[in-house]
Each structure stands twice: as C-alpha cells, then as structure tokens.
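Peer 1: Structure incoming, see below.
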Amino acid sequence: MHGVVQAVTFRDRRGPVPLPAAKHHTGRDFLSLLLKDASVCVSDSDHNLDAHMMFALGLATEAYASCQKDCIVTSACDGHHNPGSLHPLGRAVDLRTLHLTPPERAQVFNQLKSALSPLGFDVIWEAGAGATPATTAAHIHVEYDPKGRIFWNLAELHA
C-alpha cells in the first residue's frame, strides 16, 4: 500500500552498517526509521545528509514512535524539488504521514515544530498535491535553515 520500505543503513570505513532492529512495545520487531524505497538517497558520491538532519531524524523517530508508528523518509537528497530547495544540499527531508490519523499527524507535526524550530529548523506541513509546484502527496517537510537561530552553544558560555 505504501510501497516497499527498507531499513536505513549508514556507511563507515568498513562499508554499510545496518541499524539494529528495535523491539516494539507490542512485541513486534521493527525499525522505526525507514526509507520508503531504494530511490531515497541519504548518501552517495555527490550528496550526504547533513549532520543537523540526522539529529532531526532522531527526534522525528521519537515523535512517530510516540504514536506507535514508523518514521518513513520519502525524500532526502533525491527527487524533484522546488527551486531553492535544500534537499540537494542534504539539509531537508520529507516524512510520510499517510499512515497517521489526523490527530497523530497534528501531534507529530507539533512535537517536531516545537522541538526543532528554536534550533534553526523549518518544519512545514505540505498538505498534498499542489501545495507547492513539486508536492505530490501530503507530508511533513523538515529543513535546516538557521536564519540566525542557534543550534550549537558553547559549553563555556554556560559554565
């Protein structure tokens, strides 16, 4: 129904490193951070997902898990996007929402927006085909675009 879903893998010096499966509280094994299919690029010879986005995906995974749902990335460094998009720079991802109920969508969106906006992220609800020229389905768009907001603080300032 939602297409093939594959587990996210990252690379280190030895090659691909799959993330370990977690045990869902219902007892079923699952990976809570998934790519919709092999077309989703998080890293290749031309693109790498920005470290800030990895942080955002960790928080997104927690937000989806609070609804007992998987966080499914539908686009990262890949795809066709609007002019000026941060996707090709590895600073934006799109997250599937079709498997969430309307209250769950609101909960996940609000949780991400309140946690990420102060750190320099834009969290945008793209309501479906036509929301922007390149939007084909409703989703949550997350991008790192600090515009003066501070992600990193120096520990010595807080001592």
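Peer 1: I'm trying to understand the selection: among the residues of region 135-145, which are in contact (Cβ under 8 Å) with a residue 12 or more places away in the chain, surrounded by 14 or more Cβ atoms within 10 Å (Cβ to Cβ) and not in a strand (DSSP E or B)?
Peer 2: Hits for region 135-145 are Ala137, Ala138.
Peer 1: Right, next: Only one residue in Val8, Val4, Val17, Val42 is under 15 Å from the mean Cα position of the chain (by Cα) and modelled with pLDDT under 80, so which one is that?
Peer 2: Val8
Peer 1: Another question, if that's okay. Inside region 81-105, can you point out the residues that are in a helix (DSSP H, G or I) and either under 21 Å from Asp70 (Cα atoms) or among the aliphatic types (A, V, I, L, M) (or both)?
Peer 2: Passing the criteria: Leu89, Pro102, Pro103, Glu104, Arg105.
Peer 1: While we're looking at this one, here's another question. Could you give me the residue pairs with C-beta distances under 6 Å whose first residue belongs to region 118-132 and is in a loop (DSSP other than H, G, I, E, B) and surrounded by fewer than 17 Cβ atoms within 10 Å (Cβ to Cβ), whose second residue is aliphatic (A, V, I, L, M) and at pLDDT below 90 wherever it lies, and which are 6+ apart or on separate chains?
Peer 2: If the second residue must be aliphatic (A, V, I, L, M) and at pLDDT below 90, the pairs left are Ala127/Ala138; Gly128/Ala138.
Peer 1: Also, quick follow-up: Residues in region 37-60: is at least one part of a helix (DSSP H, G or I), in contact with a Ser or Thr (Cβ under 8 Å, 6 or more places away or on another chain) and under 16 Å from Ile140 (Cα atoms)?
Peer 2: The answer is no, given that none of the residues of region 37-60 is part of a helix (DSSP H, G or I), in contact with a Ser or Thr (Cβ under 8 Å, 6 or more places away or on another chain) and under 16 Å from Ile140 (Cα atoms).
The values are calculated or read from the model by the stated rules, or taken from the named source; none is laboratory data. Computed from a predicted model, the values in this text were never measured in an experiment. As a convention, Cβ positions derive from the backbone with ideal geometry for all residues, glycine included, and neighbour counts pool all protein chains shown.
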